[in-house]
1. Can you compute the equivalent ellipsoid semi-axes for segment 287-361, i.e. the square root of 5 times each eigenvalue of the Cα gyration tensor, sorted largest first and rounded to whole Å?
2. Report P(r) for segment 257-330: all Cα-Cα distances, bin width 10 Å, range 0 to the bin holding the largest distance, values in whole percent.
3. What is the Cα coordinate range of segment 160-234 on the first, second and third principal axes, sorted by size from largest, in whole angstrom?
4. For the chain, build the convex hull from the C-alpha positions and give me its volume per residue in Å³.
5. Is there a quick way to get the dipole size of the chain? I mean about its Cα centre, with the Cβ of Lys and Arg at +1 and of Asp and Glu at -1; what is the value in debye to the nearest 20?
6. At 0.36 nm per residue, minus the direct Cα-Cα distance, what do residue 282 and residue 82 gain on full extension? Give it in nm, one decimal, please.
7. Convert each backbone phi in segment 315-325 into a coupling constant with the Karplus relation 6.51 cos²θ - 1.76 cosθ + 1.60 (shift: θ = phi - 60°), then list the ³J(HN,Hα) values in order as whole Hz, x for Gly and Pro.
8. Specify the residue with the greatest mean-square fluctuation among 305, 189, 420, computed from a Gaussian network of the chain linking alpha-carbon atoms under 10 Å apart.
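The values are calculated or read from the model by the stated rules, or taken from the named source; none is laboratory data. Here the structure is a predicted model, which is why all the values come from computation and not from measurement. Glycine also receives a Cβ, built like all others from the backbone with ideal geometry; neighbour counts cover every protein chain displayed. Accessible surface areas use protein heavy atoms only, side chains included; no ligands, DNA or RNA. Shrake-Rupley method; radii C 1.70, N 1.55, O 1.52, S 1.80 Å.
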Amino acid sequence: MIGAQWGDEGKGKITDLLSNSADMVVRYQGGVNAGHTVVVKDQTFKLHLIPSGILYPETECIIGSGTVIDPKVLIQELDQLDRLGVSSKNLMISETAHVTMPYHRILDVAAEASRGDQKIGTTGRGIGPTYADKSERSGIRIVDLMDTESFKVQVRYCVANKNVILEKLYNLPPLDPEEVIVEYLAYADRLRPHVIDSSLKISQAVQKKRNILFEGAQGTLLDLDHGTYPYVTSSNPVSGGACVGAGVGPTIIDRVIGVAKAYTTRVGEGPFPTELDGDIGTLLCDRGAEFGTTTGRQRRCGWFDAVIGRYAVRINGLDCLAITKMDVLDTLDEIKVCVAYEIDGKRCNDFPTNAKAFARCVPIYQTVPGWKTSTEDCRALSDLPKQALDYLKFLAELMAVPIAIVSLGASRDQTIIVEDPIHGPKRALLYENGGLQQ
Ligand code: IMP
């Protein structure tokens, strides 16, 4: 399951729903830049790293090898689950995931400040610097954190190097490696019981024909290779990232589910063709409670962009979509959908990979009528007002992909499952001959 836009598509709720049919949920990339809010029976869970599958007592949850782990935040999440009476006995952490260290967080914030008006708008959680060290082969992995003596040697070496950058480049105070060692070894003790060889564990589940859900964080347009570079995150949220980040071969993945909001949001800097500045943007933000779980930043809001949708279908090989936050559009008289772009006077149906061209895109809209009725209590497609159903059909047609799930509110029951994307027949029912079937 992947995000089909710029992240924050409501993946937490969809993972939570699909986890019901999954024996195992694997998070395969990203770190504590992600944030999931899941509401179950009036209890709100805010999770950054732990898959929301943890809320089902039988579901095994893995934080995979392609993730970067800030142990301090992970332990806060474990404490939160304890407080709310949720067991974390089924949580497993890959020993080859990389560890976010204090200098990564400091360097992330310092690099952003030095970029001035070229800033990326990162979450400031040290994600880019942790992945940079991984690529540069100077990162510290969970397996290293578990090995006390060699961890001490590594930290002393890394902190000495990073202190040069902190002091000389950014004019910041140096870190004391011994303090870092004491802090992190305490985390190590707490996390040790959860640490495993995750690729092996997943392959054993595959052999037993278990249902496994690979959960992407962020979204397609934030992908390091395929997103709106440089305004992206430092990992691969696209479906292909699941193989690398979980340590599995592509042949074991049966289907790919994309999650998209019924409109679009983006946090951080970078071009956003369908962004709305006026009253409708404010309405989407207010009704959709568009504030980040991780940073509390207000999200930029705009109309649904089907060019991005088609791109997400292509890059991820999507089998179906879950459309979330449909209820946010309930009060609108009319709704616009971006069907193509105009770039320098020419119509363009496909997402331009040239960042400068993307920044010049002017959306070509098609306007459809709103439904002006609450959809929050709809539980089947047949409960939806005609205009709402037409809107969904229109989106499915524009992207040539079936819609399997429609979400109309934060809680588990505010959902229409058109077809169970895990157990249901592949590519049946929902989108045939160019239309959404009922
Ligand atoms: P970083 O991942 O903190 O390096 O941030 C890079 C870009 O990705 C910024 O535009 C962030 O706002 C964005 N970003 C990172 N994580 C998320 C997320 O979970 N949801 C939405 N945007 C995110």
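1. Values: eigenvalues 119, 52, 50 Å².
So the three semi-axes of segment 287-361 are 24, 16, 16 Å.
2. 18, 50, 29, 3
3. Between the extreme Cα coordinates on each principal axis of segment 160-234 lie 54, 39, 15 Å.
4. 139
5. On the way: 47 positive and 55 negative charges, 116 e Å.
The dipole magnitude comes to about 560 debye.
6. Values: separation 200, 0.36 × 200 = 72.00 nm, distance 3.69 nm.
Length difference between fully extended and current span is 68.3 nm.
7. 5, 9, x, 5, 8, 7, 10, 10, 9, 10, 6
8. 189
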